[in-house]
Amino acid sequence: MNSYLATLNATARNSLVTMSKKRFDDVYYGLVVDAYELFHPEGNLNDVPFYAELIRQRPGRVLELMCGSGRVLLPLLRQGFTVDGTDSSPEMLARCKSNAEAEGLNPELYEQFAHELRLSHRYCTILLTYSSFALLTHRDEAFEVLRFIHAHLEEGGQFLLDMAIPWVHHNSVFGAWQLSRQGVLPNGRSVLVSRAATVEHLNQIETVHVRYEVYDEGCLIETLLTPMKMRFYGMHELILLLEKAGFSNIQTFGGFQQREVQEGDGIITFQCFK
């Protein structure tokens, strides 16, 4: 066992850790949902105006895969778009539903894994935002998702896909715990979020262990440790994969603007058509 894993295991033993093995593929539950909404609020990326502009060019029904608690879906609904959502996390979908109902909105939400996509509608636009595609770490599964997305589009429909460039997006010291975020939860308790990452360079996979520590009046009352794997793609690599799945007229944008990608852009948006 290497020193990094030994440190990680010691941390788990010495903390009040809540982690279920069956949850490895679904890290979005309980405390994580509250923290996600706290640290990823609407408007944090200024991406919704960009998506809305592209959607208006292909008016019609929209689907957001891996929609989470509605960071993108809800503001699009407010603008009058018809937007459905899917997610594999029942707790994220429940939060999305409650957030929508609080505003008098009623989107169609489906609990489905992206690689099991089976919906009755066909869409003019399908969104996969915030580098969620990177969570599909098995290449065959990721390709199946692209094929299912292609099948769920109307002829001439568009697919909008974001992919982060990891060496631009963050400056982690791999193998070491780093405090990444801190804030106050809705219940008034403080939460600290730390990350420790390792990278398989040949497979382009980053494994991130995220530690949530909740404090009440200065006392640590809860620690949650969740693992997450992500597979990143180069720009030209992903273009070839999209072409293989049947997409055409592929364009790339940077900075959530209708401009070409530039050096230093942290996220690339791919627009492609059926």
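The values are calculated or read from the model by the stated rules, or taken from the named source; none is laboratory data. As the structure is a computational prediction, the values presented were derived from the model and not from experiment. Don't worry about glycine lacking a Cβ; one is built from the backbone with ideal geometry, like all the others, and counts go over all protein chains shown. All accessible areas refer to the heavy atoms of the entire protein, side chains included, with ligands and DNA or RNA removed. Shrake-Rupley method; radii C 1.70, N 1.55, O 1.52, S 1.80 Å.
Some observations on this one:
- Complete set of residues in region 84-112 that are in contact with a helix residue (DSSP H, G or I) (Cβ under 6 Å, 6 or more places away or on another chain), of a type outside the set (Gly, Ala, Ser), crowded, with 16+ Cβ neighbours inside 10 Å and part of a strand (DSSP E or B): ASP87, LEU109
- Candidate set: region 253-272, residues that are among the polar types (S, T, N, Q) and surrounded by 17 or more Cβ atoms within 10 Å (Cβ to Cβ); chosen: the one farthest from the chain's Cα centre (by Cα): GLN271
- Top-ranked residue of region 9-35 - restricted to ones that are in a loop (DSSP other than H, G, I, E, B) and at pLDDT 50 or above, ranked as farthest from ILE267 (Cα to Cα): GLY30
- The one condition in (1) part of a strand (DSSP E or B); (2) crowded, with 16+ Cβ neighbours inside 10 Å that GLU144 fails to fulfil: (1)
- Apart from one condition, VAL48 fits all of (1) more than 27 Å from LEU225 (Cα to Cα); (2) open to solvent by 60 Å² or more (accessible area, probe 1.4 Å); (3) modelled with pLDDT of 90 or more; the exception is (2).
- Flag for VAL191 being touching a residue at least 60 places away in the same chain (Cβ under 8 Å), surrounded by 15 or more Cβ atoms within 10 Å (Cβ to Cβ) and under 22 Å from the mean Cα position of the chain (by Cα): yes
- Looking across LEU77, LEU38, one residue alone is at pLDDT 95 or above and in contact with a strand residue (DSSP E or B) (Cβ under 9 Å, 6 or more places away or on another chain). It is LEU77.
- For TRP177, the conditions (1) modelled with pLDDT under 95; (2) open to solvent by 50 Å² or more (accessible area, probe 1.4 Å); (3) closer than 21 Å to ALA114 by Cα all hold with the exception of (3).
- Meets criteria (open to solvent by less than 10 Å² (accessible area, probe 1.4 Å), in a strand (DSSP E or B), in contact (Cβ under 8 Å) with a residue 40 or more places away in the chain and more than 25 Å from ARG139 (Cβ to Cβ)) for LEU224: yes
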